[in-house]
Amino acid sequence: MKIRLLALAVLAVASAQAHADTVALWDYSTTPTTTKQTQSANGASFATVGGVTTSFVGGVSNQALNTSTYGAPTTTPSGTRGVQFNVDTSGYMDIVLTFAQRDSATASAWTTLQYTVDGSLWSTAKNFQMPNGGSNPSFVTGLTYDFSSISAVDNNPLFGIRLLAIFAPGTSGYVAANASTGSQFGSAGTIRYDNVLFSGTALPDVPAPIPEPHAYALMLAGLTAVGLLARRRRAN
């Protein structure tokens, strides 16, 4: 019985330690709505990439970030326009990104998720295609990327991600999200983002190192010397 209770206690501690905390969140629920994060453990910021413009419209439950001005299809290179979220992950590990996205009929069907660990060089995490939402698309919720296998993302004040419109893989052009019904990619196409959440696990506190025996001896010798000096001063 005692062993069972001990096992349950160990599992409870492990579960508590594995609890994910909010490192940064943009849910656009504040009024007036801004691109500033709703929650942040250490600090976070938002920026547009390549001249994309922003506004605020209907979201999953309240407002959402609406992005547009993705450029002319023949003159805008792949992966040059979109949004950027910078998040200081100091004190956290096992970072996971989740968000909701909605593409209009003429927006790019393909998006690339990139990340940086030094604030300047960007690596591709994944490319993904938004489903055909027809003329009245809805949000795709629960889009996720787990950065826990990338140790450089942990405890990093320079971490950031980008979500950029890209050419359809294997082609030299953009494909509209609603291309199956004849829509063409265009600058007026919009991409909305909502509930952009970065979660992570707090790094465990590192206990102070236990002094070696010889260190204790030195400490005692030092304290003894200080005591002798204090006595001599009082005697004088």
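Points to keep in mind about this one:
- Leading residue by the ranking (nearest to residue 38 (Cα to Cα)) among those in region 167-200 that are of a type in the set (A, V, I, L, M, F, W, C) and surrounded by fewer than 22 Cβ atoms within 10 Å (Cβ to Cβ): 197
- Test: residue in region 82-89 that is closer than 28 Å to residue 158 by Cβ, hydroxyl-bearing (Ser, Thr, Tyr) and part of a loop (DSSP other than H, G, I, E, B): yes
- Selection over region 25-34 of residues that are aromatic (Phe, Trp, Tyr) and not in a strand (DSSP E or B) gives a count of 1.
- Summed over region 90-112, the residues that are assigned to a loop (DSSP other than H, G, I, E, B) and out of contact with any Ser or Thr (no Cβ under 7 Å at 6 or more places or on another chain) give a count of 3.
- Looking across region 113-162, the residues that are among the polar types (S, T, N, Q), surrounded by 13 or more Cβ atoms within 10 Å (Cβ to Cβ) and either in contact (Cβ under 8 Å) with a residue 60 or more places away in the chain or not in a loop (DSSP other than H, G, I, E, B) (or both) come down to 114, 116, 124, 127, 129, 141, 155, 156.
Results for (1) under 27 Å from residue 157 (Cβ atoms); (2) of a type outside the set (Lys, Arg), shown as yes or no for each residue.
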residue	(1), (2)
97	yes, yes
102	no, no
110	no, yes
117	yes, yes
121	yes, yes
131	no, yes
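- Counted residues, region 35-81 - those being surrounded by 15 or more Cβ atoms within 10 Å (Cβ to Cβ) and either in a loop (DSSP other than H, G, I, E, B) or without any contact (Cβ under 8 Å) to a residue 12 or more places away in the chain (or both): 18
- Residue in region 174-194 that is among the basic types (Lys, Arg) and either assigned to a loop (DSSP other than H, G, I, E, B) or more than 23 Å from residue 54 (Cα to Cα) (or both) present: no
Just so you know, all these numbers are worked out from the coordinates, no wet-lab data involved. A quick note: this is a predicted structure, and the numbers were derived from the prediction, not measured. Because the Cβ atoms are built from the backbone with ideal geometry, glycine has one as well, and the counts that use them run over all protein chains shown.
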